[in-house]
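Quick notes on the structure that follows.
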Amino acid sequence: MPRYYVTTPIYYVNDAPHIGHAYTTLIGDALARWHRLLGDDTFFLTGTDEHGLKIQRTADANGITPLEQADRTSERFREAWKLLDISNDDFIRTTEPRHHLAVQTLLQKAYDNGYVYRGTYEGLYCVACEGYYNESDLVDGRCPIHKTPVETLVEENYFFRLSAFADRLLAWFEADPDCIQPDGKRNEAAGIVRQGLEDVSISRTSISWGVPVPWDPGHVFYVWYDALINYATAVGYGSDPERFAEWWPETTHLLAKDILRFHCVYWPAMLMAAGIENLPKLRVHGFLLVGGEKMSKTRLNQIAPSDLVEDFGVDGYRYHFLRDNSFGPDGDFSYEGMIVRYNSDLANNLGNLLQRVSTVVAKKCAGIGPAPRMDSPLAGVVAAAYNDAAAAWANTQPSVALEATWRIIRETNDYLQTNEPWKMEPGPECDAVMGDALEVLRVVTILASPAMPGACDVIWRRIGLSGSPRDERLPAAAAWGGYPGGLVIEAGDPLFPRRKA
Ligand code: ME8
């Protein structure tokens with residue numbers, strides 16, 4: 001059975017979950033759900049990044065220990081993901097013993113292989129990024145991302161010989177264009193490597209909140225070099241070599257462009273340094289902006305997922321963020337835009353189709369859903385849209401996949417509009433049209449279930465099917481003609497009531 005291992009970044013526990021974190025997590029969830037439909041053995045990982053100076057300082061400011069800070073905020077992420085119906089198979093916390101073991105094992109290997117050495121470092125450090133910058137990276141002397149002042153830090157610490165990996169990284173980018181997608185993001189990574197890679201400092205003596213360096217316990221690893229390893233920890237690195245060997249070659253990491261350098265340059269180099277041959281696939285998206293700006297605590301423009309779930313429901317929320325932005329470029333979130341899309345795609349298109357079908361079947365077919373025609377004009381529409389949707393999911397383009405899926409819905413509404421079954425006499429002709437529409441609902445419900453698992457379960461039941469669309473297997477389940485007919489159709493309240501602007 002093919003395997004699919006997908007990860008989100010592990011989020012810092014100094015900040016509450018907002019729609020930006022939820023964006024990546026939702027994409028991971030939808031991809032995991034899609035792969036489960038394909039019958040792939042799927043493992044979906046998310047979690048929290050709990051070490052480092054930033055967490056230590058936030059804890060100090062809150063008058064609690066770093067672990068208390070981590071416990072509290074990590075729990076908030078878990079709650080947010082529960083609210084959004086996120087189906088992660090594991091939730092990793094970097095403070096867990098399994099992770100410490102993996103970090104120490106991997107970096108000890110890199111050390112033993114001669115890629116880690118001791119030296120002195122002086123650099124310009126942004127606490128919010130947990131990263132050093134070159135003078136030339138700064139904007140008006142400040143961090144280019146957070147726009148906050150940087151600090152000069154001097155330390156005796158261990159260095160990772162990143163400079164040794166430039167050629168191997170470039171060779172990887174070239175040999176396998178699929179390694180980092182979209183293309184523009186791979187070019188960006190190649191640009192970073194071509195500019196010249198300097199060795200990077202990977203340990204600290206100035207803080208204690210981290211994973212101890214195994215060969216020199218006065219040091220802890222700098223948070224990024226601990227954090228990246230979480231992806232390996234969760235599939236058994238350092239503890240279960242067999243499991244690691246099975247899952248690691250199937251890894252896909254999702255992330256936004258803010259952490260491209262760490263994931264697309266440093267992490268593959270660390271893996272090579274530790275003698276791990278398979279490198280992950282990287283899928284890098286842009287920022288979700290609010291009012292044209294990146295969300296931040298200081299700018300007070302963060303939106304919590306729960307605020308929007310209250311107004312649009314979980315599935316309305318999920319659909320919007322998966323459909324609205326294409327994966328790659330930045331996208332601007334607006335509440336008004338969310339209402340427009342909800343009303344058009346969910347209330348008017350999908351909701352209306354379901355409502356029409358259940359009303360007409362109740363009136364003209366005695367409430368029993370007829371079977372579709374095998375030569376229905378909609379069969380070809382479904383087949384073409386399925387191919388497009390499957391290709392889009394495979395290319396990490398949920399928005400394109402959903403657009404293809406909604407094409408089926410629009411065409412079916414047009415088909416009903418043309419045939420006007422509500423004006424027909426009960427009989428074979430009316431049955432045929434309604435059978436076709438029910439078959440469309442069956443397929444659409446399966447195809448939309450990675451985006452809207454809850455609502456699709458409801459539609460599935462309303463059209464008389466038992467079980468859940470998530471138990472279906474693609475591509476077989478998308479083949480025209482699966483709706484058996486003879487099932488009781490449940491009329492119900494509109495699934496997506498219209499929202500007022
Ligand atoms: O960077 N738009 O954690 P973090 C889109 N702990 N995605 C966004 C976003 C936005 N406005 N805001 C956040 C860290 N994200 C490290 C990661 S991984 C080994 C360590 C998402 O809490 C996006 O995936 O700052 C981004 O890369 C991530 O959250 C950053 O989360």
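The values are calculated or read from the model by the stated rules, or taken from the named source; none is laboratory data. Please read these numbers as outputs of a predicted model, since none were measured by experiment. Glycine gets a Cβ as well: all are built from the backbone with ideal geometry, and neighbour counts include every protein chain shown. Side chains are part of the model used for accessible areas, which takes the heavy atoms of the whole protein and leaves out ligands, DNA and RNA. Shrake-Rupley method; radii C 1.70, N 1.55, O 1.52, S 1.80 Å.
Results, tabulated for the structure shown:
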{"read-out": "Separation in nanometres of the label points that stand 7 Å from Cα toward Cβ, at Asp41 and Asn113", "value": "2.5"}
{"read-out": "Accessible surface, per residue, of the chain when the full set of protein chains is kept, probe 1.4 Å, Å²", "value": "40"}
{"read-out": "Dipole magnitude of the chain, debye to nearest 20 (Cβ charges: Lys/Arg +1, Asp/Glu -1, about Cα centre)", "value": "780"}
{"read-out": "For Glu490, solvent-accessible area (1.4 Å; no DNA, RNA or ligand), Å²", "value": "100"}
{"read-out": "Reachable lysines from Lys147, criterion Cα separation under 22 angstrom, eight or more residues apart if same chain", "value": "Lys54, Lys257, Lys294, Lys297"}
{"read-out": "C-alpha long axis of helix 428-448 to longest principal axis of the chain, angle in °", "value": "10"}
{"read-out": "Protection proxy ranking of 441-448, 407-414 - average other beta-carbon atoms within 10 Å, highest first", "value": "441-448, 407-414"}
{"read-out": "Sites Trp215 and Ala175 - FRET efficiency at Förster radius 51 Å, r taken between beta-carbons, to 0.05", "value": "0.90"}
{"read-out": "Alpha carbon convex hull of the chain, volume per residue in cubic angstrom", "value": "147"}
{"read-out": "Potential extension, Arg194-Leu83 segment - 0.36 nm per residue separation minus Cα distance", "value": "35.6 nm"}
{"read-out": "Relative contact order (%) - the stretch 3-307, alpha-carbon pairs under 8 angstrom, separation at least six", "value": "23"}
{"read-out": "Lys500, Lys109, Lys364, Lys257, reordered so the largest accessible area comes first (probe 1.4 Å)", "value": "Lys500, Lys109, Lys257, Lys364"}
{"read-out": "The stretch 1-132 shape via C-alpha gyration tensor axes, a/c threshold 1.5", "value": "oblate"}
{"read-out": "Amide H partners (placed H, <5 Å) of Val150, local residues excluded", "value": "Cys143"}
{"read-out": "Cys with no candidate disulfide partner in the chain (beta-carbon separation under 4.7 Å rule)", "value": "Cys179, Cys264, Cys365, Cys430, Cys456"}
{"read-out": "Prolate/oblate/rounded label for the stretch 335-488 (Cα gyration tensor, a/c 1.5)", "value": "prolate"}
{"read-out": "Carbon and sulfur %, accessible surface of the stretch 335-488 computed with the full protein complex present, 1.4 Å", "value": "54"}
{"read-out": "Segment Asp60-Asp493, length gained on full extension (0.36 nm per residue, minus Cα span)", "value": "150.8 nm"}
{"read-out": "For Leu300, solvent-accessible area (1.4 Å; no DNA, RNA or ligand), Å²", "value": "150"}
